[in-house]
Amino acid sequence: MRFAAPDILRWFCFEQAAAVSYDLAKSDAPTPNLAELGIETPPLRLRPGAVGGAGELRAALGARYGVGAEEVVVSLGASMTNFLVFAALLEPGDVALVEEPAYDPLVAVPRALGAGVRRFPRPRAAGYQPDLEALAAAAPGCKLIVLTNLHNPSGAALGGDRLAAIAEIARRAGAWVLCDEAYRRFQPALPPLARFGPHCLSVDTLTKVWGLSSLRVGWVVAAAPLCRSIVEAAMVCHVSNPAPTEEVALTLLAHADRLDAWSRSALERNRRLALEFLARQPGLSCYRPEAGPIFFPYLPGNAPARPFVQRLAAAYDTRVVPGDVFGEPTAFRLSCGGETPMLEEGLRRLAQCLREERGAALPQP
Ligand SMILES: Cc1ncc(COP(=O)(O)O)c(C=O)c1O
């Protein structure tokens, strides 16, 4: 099947679909209670939506990047937005150069569209920073370079210097660069890749930083002619966008500061708990990202993580994501985006399961 589920989504939706009480797998910030934040959503108006996103919403999003509405396309979450970008840029036989480890849809969609996929390393030993020499060596002949910032699964950040270097490598190779920035605003000082040239694209979403996956609002910032091709791809896939959802999104953007502050304070508390947990688990080797809800620890002794993850779900009613869906079978992805009491208990259970795994007593969490 050409459009088979990407590994991570197969795991989430088919293999680990049963509800668990302690969910340390979902990587969104907690969903805000908008009424408690004093944000009033507009009344439901069932009118037709625009193709490519309502002009007002595209203008409001563009203003955040210093570009006009014609350089923004809105679609159904980052997932559909990424799909449309791939569909607009890749012909069968083109080559996409994708980071490794990666969020699997970024590999699966180009392949499903008939493109070849090459990989460039983001080595654990280098704090998941891309190997720029390997990237420069692999880039010639590639149509599109694909990366994430923050990096999923590690949470590692790419700063402006690194982004500028990647943009320059792509420019020299005549390639486009797509940066999936679903997690970027967890670290607001990081610039969007779209700033680094007309061949650079930034994708973002309301799902992660504001915990609003329910709205299915994602967008891409790209040069205007490319936006036109992306809108044409949208016409093949879903034509218009949901107007009620976009009206809510526009209202939320007017309260961006309030939502950012809320997300920041929820995450600060939870990150502290996750970092304390990791400090008490000397057997787990884990890069400590500066921001964001995700961590990517490796089990001691290079043990495969999949059986551990299955035992954690079955015996401890708690789930984390097995690293094999990112191509790293001895790691698992731990997220601290959920409600704080749920996270506290989930981490306690994870610690118990790890103790059992090692068959030796470790200090109580
Ligand atoms: C890097 C990345 N991009 C996109 C998505 C999906 O975002 P959305 O809910 O906006 O489709 C995820 C969700 O896990 C993700 O990690």
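The values are calculated or read from the model by the stated rules, or taken from the named source; none is laboratory data. If you're wondering where the values come from, they're calculated on a predicted model, not measured in any experiment. Neighbour counts are summed over all protein chains in view; Cβ atoms, including those assigned to glycine, are modelled from backbone coordinates with ideal geometry.
Within the stretch 209-264, count every residue that is in the same structural domain as residue 180 (by TED's automatic domain parsing), within 21 Å of the chain's Cα centre (by Cα) and among the hydroxyl-bearing types (Ser, Thr, Tyr).
Within the stretch 209-264, residues that are in the same structural domain as residue 180 (by TED's automatic domain parsing), within 21 Å of the chain's Cα centre (by Cα) and among the hydroxyl-bearing types (Ser, Thr, Tyr) number 3.
Taking residue 37 and the conditions (1) among the hydrophobic types (A, V, I, L, M, F, W, C); (2) touching a helix residue (DSSP H, G or I) at 6+ places or on another chain (Cβ under 6 Å); (3) surrounded by fewer than 16 Cβ atoms within 10 Å (Cβ to Cβ); (4) closer than 24 Å to residue 105 by Cα, which numbered condition does it fall short on, given that it satisfies the others?
Looking at each condition in turn, residue 37 falls short on (4).
Out of the strands (runs of 3 or more DSSP E) lying entirely within the stretch 39-152, which hold 2 or more residues that are free of Cβ contacts under 8 Å to residues at least 40 places away in the same chain? Talk me through it step by step, then tell me what you get.
Working: elements: 72-75, 95-100, 116-121, 144-148.
In the stretch 39-152, 116-121 are the strands (runs of 3 or more DSSP E) which contain 2 or more residues that are free of Cβ contacts under 8 Å to residues at least 40 places away in the same chain.
Please specify each residue of the stretch 170-187 satisfying the condition of being out of contact with any Lys or Arg (no Cβ under 6 Å at 6 or more places or on another chain), crowded, with 24+ Cβ neighbours inside 10 Å and assigned to a loop (DSSP other than H, G, I, E, B).
Once the filter is applied, which keeps residues that are out of contact with any Lys or Arg (no Cβ under 6 Å at 6 or more places or on another chain), crowded, with 24+ Cβ neighbours inside 10 Å and assigned to a loop (DSSP other than H, G, I, E, B), the stretch 170-187 yields only 181.
Based on this model, can you work out whether residue 190 counts as part of a helix (DSSP H, G or I) and more than 11 Å from the ligand (Cβ to nearest atom)?
no
How many residues does the stretch 52-66 contain that are farther than 21 Å from residue 260 by Cα and crowded, with 16+ Cβ neighbours inside 10 Å?
3
Return the only residue of 186, 277, 196 being more than 20 Å from the chain's Cα centre (by Cα), closer than 23 Å to residue 154 by Cα and of a type in the set (Phe, Trp, Tyr). If you could, list the steps in order and put the result at the bottom.
On the way: 186 fails: more than 20 Å from the chain's Cα centre (by Cα); 196 fails: closer than 23 Å to residue 154 by Cα.
Sole residue among the options that is more than 20 Å from the chain's Cα centre (by Cα), closer than 23 Å to residue 154 by Cα and of a type in the set (Phe, Trp, Tyr): 277.
Out of the stretch 268-303, which residues are polar (S, T, N, Q) and touching a residue at least 24 places away in the same chain (Cβ under 8 Å)? Full working, then the answer.
First pass over the stretch 268-303, keeping only residues polar (S, T, N, Q): 270, 281, 285, 302.
Across the stretch 268-303, the qualifying residues are 270, 281, 302.
Quick check on my filter: what residues within the stretch 212-267 are in contact with a helix residue (DSSP H, G or I) (Cβ under 9 Å, 6 or more places away or on another chain), of a type in the set (D, E, K, R) and free of Cβ contacts under 8 Å to residues at least 40 places away in the same chain?
228, 264
Residue 202 passes all but one of (1) in a loop (DSSP other than H, G, I, E, B); (2) within 14 Å of the ligand (Cβ to nearest atom); which number fails?
Every condition holds for residue 202 apart from (1).
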